[in-house]
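Below: one structure, written as structure tokens.
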Amino acid sequence: METCDIGVIGLAVMGQNLALNIERNGYRVAVYNRTAERTRQFLAEQASQKQIVGAETLAELAALLKRPRRVLMMVKAGNAVDQVIAELLPHLERGDILIDGGNSFYQDTERRSKELEAQGFLYLGMGISGGEEGALKGPSLMPSGHPAAYQALEGLLQAIAAKVDGEACVTYLGRGGGGHYVKMVHNGIEYADMQLIAETYDLLHRGLGLNAEQISRTFAAWNQEALNSYLIEITAHIFGVADPQSGAPLVEKILDVAEQKGTGKWTSEEALELGIPIPTLQAAVEARALSAQRATRLEVARTFGELSLAGAETAPLNVAALEQALYAAKVCSYAQGMSLLRQASKVYGYDFDLSEVARIWRGGCIIRARLLNDIRRAYQENPTLTNLILDPSFRQALTNAQTAWRQTIQHAIGKGIPVPALSASLAYFDSLRSERLPANLIQAQRDYFGAHTYQRIDQEGTFHTHWQANQS
Ligand code: NBP
């Protein structure tokens, strides 16, 4: 009976495709889904003729597994994970390995790791990126948890992960919830990447008047250069797809309301918690929330009508400038994610190797991009880099792109095209470049109304001024 190398619980899109990936790599897989009909259908269709065995109860699943048992949970993040753990534990024994491959919140993973380790189980929280195709052909894997659990699974994870230059996109990310933390930041960068690309599309279309075919060709050309990445590649494809009903570009028929499942929001909240600025990532989360307020947008648009923007454009714009702006803004959003990981690594003791994070993000995952080769190199050369933009080659790239970037944003402002993420990135860059920011005034205001005190540039200590009494 105990013939299977691993059990997979949860046969929605991710669980099914991971099970097929694991089997293709020579492992015998047992599968279970809460709704047994789904298991039966999977066995009869995608998994037929494969080394995949079905179980209709968790007891059956446990009985099918070699010991120590290895069980991968691919169920909806949140309560479902706790429920599955509670139902499964009576069928496991000490030393068995439980892996949560869903998009769990890292603090839940911290809690579950502690609870399960205390009971003698080995727990791994593993971020997985790449969607349906990645799960089947090779995702980027971000595991953390008990080192013995990682050791026991390393061969399997290396086998199923995406490969870039012969290297598997998986690395051990320390104890506790580090893997889900890295996945959370990955998704924050993913939000930013998508928003920056969306803003650039708006500028190509409404700013430069390009049609879908021209936009498709532009993104395809950019994908050959520094912007080469999965998201740019699929953007080029999307603009080439016609609506079967009308023949018009399908993308133009899609409702402009971006949905979110919460991982971008978690990144925003975490950055606020740790005090690490990630304005581009925040702008991307807020832009999705703004898009969701469609009824309000329609009402405001009707109320304001067409504004006269005559004379507001200060510079001409072209496609080459947009390419540079998108690249520079993207560098700043990756820099923000890396800064958040650097701080979390210190605060939570995750001890992340940022060059390894960049390495495993180069393949399989949604934010895979040529840029990640350079990010990996930057952290290999200087693991303690304070901020990615200080790396000499990124410094040079941003210096070269900044004129076009400014021109792009001025043009967007002039045309009334919103570019919250492109401009948040530029403000981040300019803020970091500023030896002196006007935050002295904010400190004065806080001290004025709330006696919050301030520090001085020319003396040690904390000061408070009775501003009203000192009015001249
Ligand atoms: P979903 O997130 O849609 O979850 C559906 C699965 O969870 C089904 O198998 C369902 O069983 C099971 N489930 C639920 Br819901 N509640 C359960 C419970 N109380 N007990 C047992 N099983 C329960 O599936 P997915 O899209 O394949 O994603 C799986 C995980 O991977 C999620 O955490 C997701 O965030 C993450 N992820 C998804 C993607 C993606 O592209 N979709 C990418 C990366 C990561 P049922 O059939 O009986 O309802």
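The values are calculated or read from the model by the stated rules, or taken from the named source; none is laboratory data. Everything quoted here is computed from the prediction, not taken from an experiment. Because the Cβ atoms are built from the backbone with ideal geometry, glycine has one as well, and the counts that use them run over all protein chains shown. Areas reflect the complete protein model, heavy atoms only, side chains present, ligands, DNA and RNA absent. Shrake-Rupley method; radii C 1.70, N 1.55, O 1.52, S 1.80 Å.
Quick one: which of Ala401, Ala427, Ala378 is closer than 25 Å to Ser345 by Cβ and either in a helix (DSSP H, G or I) or among the aromatic types (Phe, Trp, Tyr) (or both)?
Sole residue among the options that is closer than 25 Å to Ser345 by Cβ and either in a helix (DSSP H, G or I) or among the aromatic types (Phe, Trp, Tyr) (or both): Ala378.
What number of residues within region 101-121 are free of Cβ contacts under 8 Å to residues at least 60 places away in the same chain and within 15 Å of the ligand (Cβ to nearest atom)?
Final tally of qualifying residues: 1.
Specify which of the listed residues (Val13, Val29) is under 24 Å from the mean Cα position of the chain (by Cα) and either away from the ligand (no atom under 14 Å from the Cβ) or of a type in the set (A, V, I, L, M, F, W, C) (or both).
Val13
Within region 206-216, is there a residue that is under 28 Å from Gln260 (Cβ atoms) and open to solvent by 40 Å² or more (accessible area, probe 1.4 Å)?
Yes, the conditions are met somewhere in region 206-216.
Within the bounds of region 361-377, is there any residue that is within 23 Å of Gly275 (Cβ to Cβ) and open to solvent by less than 50 Å² (accessible area, probe 1.4 Å)?
Looking through region 361-377, at least one residue is within 23 Å of Gly275 (Cβ to Cβ) and open to solvent by less than 50 Å² (accessible area, probe 1.4 Å).
Considering only residues that are within 13 Å of the ligand (Cβ to nearest atom), among the hydrophobic types (A, V, I, L, M, F, W, C) and surrounded by fewer than 19 Cβ atoms within 10 Å (Cβ to Cβ), which ones fall in region 32-57?
Within region 32-57, Ala36 is the sole residue that qualifies.
Among the residues of region 90-110, which ones are part of a helix (DSSP H, G or I) and open to solvent by less than 30 Å² (accessible area, probe 1.4 Å)?
Answer for region 90-110, where residues must be part of a helix (DSSP H, G or I) and open to solvent by less than 30 Å² (accessible area, probe 1.4 Å): Tyr106, Thr109.
Quick check: is even one residue across region 73-84 open to solvent by less than 70 Å² (accessible area, probe 1.4 Å), farther than 16 Å from Ala12 by Cβ and more than 12 Å from the ligand (Cβ to nearest atom)? Please lay out each step first, then the result.
The initial filter retains those residues of region 73-84 that are open to solvent by less than 70 Å² (accessible area, probe 1.4 Å), namely 73-75, 77-78, 80-82, 84.
Narrowing further to those that are farther than 16 Å from Ala12 by Cβ: 82.
From what is left, the residues that are more than 12 Å from the ligand (Cβ to nearest atom) are none.
No: zero hits.
Provide a single number: the residues in region 255-298 that are within 23 Å of Gly179 (Cβ to Cβ) and among the hydrophobic types (A, V, I, L, M, F, W, C).
9
Could you please let me know if Met194 is part of a helix (DSSP H, G or I) and of a type outside the set (Gly, Ala, Ser)?
Working: part of a helix (DSSP H, G or I): yes; of a type outside the set (Gly, Ala, Ser): yes.
For Met194, the condition - part of a helix (DSSP H, G or I) and of a type outside the set (Gly, Ala, Ser) - is met.
So the check is Cβ under 6 Å with 6+ separation or different chains; which pairs have a first residue in region 402-420 that's within 14 Å of Leu204 (Cα to Cα) and a second one that's open to solvent by 20 Å² or more (accessible area, probe 1.4 Å) and among the basic types (Lys, Arg)?
Cβ pairs passing all conditions: Ile417/Arg206.
Gly174 - would you say it is open to solvent by 10 Å² or more (accessible area, probe 1.4 Å) and under 21 Å from the mean Cα position of the chain (by Cα)? Show your work before the answer.
Details: open to solvent by 10 Å² or more (accessible area, probe 1.4 Å): yes; under 21 Å from the mean Cα position of the chain (by Cα): yes.
So Gly174 passes the test.
When you go through (1) touching a Ser or Thr at 6+ places or on another chain (Cβ under 6 Å); (2) in a helix (DSSP H, G or I); (3) under 27 Å from Lys183 (Cβ atoms) one by one for Gln410, which number turns out not to apply?
(3)
Within region 177-205, how many residues are open to solvent by 20 Å² or more (accessible area, probe 1.4 Å) and not aromatic (Phe, Trp, Tyr)? Even if it seems obvious, please write down each step before you answer.
Quick first cut of region 177-205, residues open to solvent by 20 Å² or more (accessible area, probe 1.4 Å) only: 190, 194-195, 198, 201-202, 205.
Now narrow it down to the ones that are not aromatic (Phe, Trp, Tyr): 190, 194-195, 198, 202, 205.
So the count comes out to 6.
Considering only region 432-445, I want to know if a residue exists there that is surrounded by fewer than 13 Cβ atoms within 10 Å (Cβ to Cβ), in a loop (DSSP other than H, G, I, E, B), out of contact with any Leu (no Cβ under 7 Å at 6 or more places or on another chain) and of a type in the set (A, V, I, L, M, F, W, C).
yes
How about region 243-285: which of its residues are within 16 Å of the ligand (Cβ to nearest atom) and of a type in the set (S, T, N, Q)?
The answer is Gln260, Thr263, Thr267.
Is it true that Leu124 is aliphatic (A, V, I, L, M) and within 14 Å of the ligand (Cβ to nearest atom)?
It is false that Leu124 is aliphatic (A, V, I, L, M) and within 14 Å of the ligand (Cβ to nearest atom).
State whether the residues of region 111-128 include one that is among the basic types (Lys, Arg), open to solvent by less than 10 Å² (accessible area, probe 1.4 Å) and either closer than 19 Å to Asp5 by Cβ or assigned to a helix (DSSP H, G or I) (or both).
Yes: region 111-128 contains one or more residues that are among the basic types (Lys, Arg), open to solvent by less than 10 Å² (accessible area, probe 1.4 Å) and either closer than 19 Å to Asp5 by Cβ or assigned to a helix (DSSP H, G or I) (or both).
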